[in-house]
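The values are calculated or read from the model by the stated rules, or taken from the named source; none is laboratory data. Source: prediction; values computed, not measured. When we count neighbours, we look across all protein chains shown, and the Cβ atoms used for this are built from the backbone with ideal geometry, even at glycine. Heads up: the accessible areas ignore ligands, DNA and RNA and are worked out on the full protein's heavy atoms, side chains in. Shrake-Rupley method; radii C 1.70, N 1.55, O 1.52, S 1.80 Å.
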Amino acid sequence: MNRIDPKLAATLRQPRELADAGLVPVAALAELEQVAARYAVAVTPELAALIDPADANDPIARQFIPSADELVEQPSETADPIGDDAHSPVAGIVHRYPDRVLFKLVHVCAVYCRFCFRREMVGPGKASALSDDAYRGALEYIRTHQEVWEVILTGGDPLMLSSRRLSEIMADLAGIDHVKIIRLHSRVPIADPERVNSDMVAALRVDGATTWIAIHANHPRELGANARAACARLADAGIPLVSQSVLLRGVNDDAATLTALMRAFVECRIKPYYLHHGDLAPGTAHLRTTIEAGQELMRALRGRVSGLCQPDYVLDIPGGYGKAPIGPTYLSQPASREGEDPLERRYRIVDYCGDVHLYPPQP
């Protein structure tokens, strides 16, 4: 169990509270108040305890402590960077891909990430949850679209709901014959692991559909003893776990950190799933890397780290066009020759050491 300083015993939500806890300088308060007036701030005791106040570049702080850099916007940044609105037929539903929908139940989180692509839509001053009418309308949409095989609960963070409410929602969805998979995206097991108790775990298991949970963490320090125990409670209940991470400058954009993070996931029975390129959310340029840097990191992982530890490096195409894998390419094809047998066509393949080979090999 982390030893929580008394100053960090409650979720920190205001720049003044962050300053009192020694996590930001008092001299920065005026600018940080401007940031907090636009973008929600919340740092749970669990995550605040991981921050080293003496490290100006602490990777946990970079994710959760507001920065004046957030006041600087780039022309390419937009309030809806992945185009949710363009694919929202009814309130609470995003139907971008044929066989699955996002179901945005709540607009609050245990902790607010400084790089969040929904930062304009969540937090204080926004609606905290769908209205009853909107909830019923979203369920009806799912019922009448039989191509929907998977429902992804997101928001906000769906594990901010009470266990009782989660149980009701899971039962409602599992009662729809064509819904076979219910996936929840959450940071709660990392940010507030004690919330993942036996009641919540029981609420997530339901007859008629299979539950999956995507756990969001970006640095290996986030997977400490308490977070690992919360993930174990889910895995022990038979709930499959996958990971989501965002490639962030100064947080995980080096091979050693990314390797440690992916190994930590696998040790926790969490299969690495997505490594997201940073979205074009307002005020987040200081946290984004280049795509080339991400591709080089994926090359560093390939062959040096177990296949279990390999996520897909993906970009959500702005405008609502979906995710595209953007990892490095290892295969190229020389120009074909007239009359060539397609089965004998040769390719150049680069191995994990950077050496080039021909396939099929020369007889």
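Would you confirm, using the coordinates I've provided, whether PHE103 is in a strand (DSSP E or B), surrounded by 21 or more Cβ atoms within 10 Å (Cβ to Cβ) and not polar (S, T, N, Q)?
Considered against the rule, which asks whether it is in a strand (DSSP E or B), surrounded by 21 or more Cβ atoms within 10 Å (Cβ to Cβ) and not polar (S, T, N, Q), PHE103 comes out as yes.
Counting just the residues of segment 342-363 that are modelled with pLDDT under 80 and either more than 42 Å from the chain's Cα centre (by Cα) or surrounded by 11 or more Cβ atoms within 10 Å (Cβ to Cβ) (or both), which one comes out nearest to ALA300 (Cα to Cα)?
GLN362
With respect to SER245, determine if the residue is hydroxyl-bearing (Ser, Thr, Tyr), surrounded by fewer than 18 Cβ atoms within 10 Å (Cβ to Cβ) and touching a helix residue (DSSP H, G or I) at 6+ places or on another chain (Cβ under 8 Å).
No; evaluated as a whole, the condition is false for this residue.
List every residue pair whose Cβ atoms sit under 7 Å apart, with the two residues 6 or more apart in sequence or on different chains, where the first one lies in segment 54-67 and is open to solvent by less than 60 Å² (accessible area, probe 1.4 Å) and the second, anywhere, is among the basic types (Lys, Arg).
As it stands, the answer is ILE60/ARG221; GLN63/ARG114; PHE64/ARG114; PRO66/ARG114; SER67/ARG114, since those pairs meet every condition given.
Could you give me the residue pairs with C-beta distances under 6 Å whose first residue belongs to segment 236-262 and is within 26 Å of GLY283 (Cα to Cα), whose second residue is among the β-branched types (Val, Ile, Thr) and open to solvent by less than 40 Å² (accessible area, probe 1.4 Å) wherever it lies, and which are 6+ apart or on separate chains?
That search, which allows pairs on different chains as well, returns SER243/ILE215; SER243/ILE270; LEU247/THR289; ARG249/THR289; ASP253/THR289.
Go through ALA264, ALA227, ALA256 for me and flag whichever is outside any loop (DSSP other than H, G, I, E, B), modelled with pLDDT of 95 or more and open to solvent by 10 Å² or more (accessible area, probe 1.4 Å).
None of the others qualify; the one that does is ALA256.
Would you call VAL111 under 25 Å from SER131 (Cα atoms), open to solvent by less than 20 Å² (accessible area, probe 1.4 Å), part of a loop (DSSP other than H, G, I, E, B) and in contact (Cβ under 8 Å) with a residue 24 or more places away in the chain?
yes
Which numbered condition in (1) within 27 Å of HIS276 (Cα to Cα); (2) assigned to a helix (DSSP H, G or I); (3) touching a Phe, Trp or Tyr at 6+ places or on another chain (Cβ under 7 Å); (4) not charged (D, E, K, R) is the only one that ILE152 fails?
(2)
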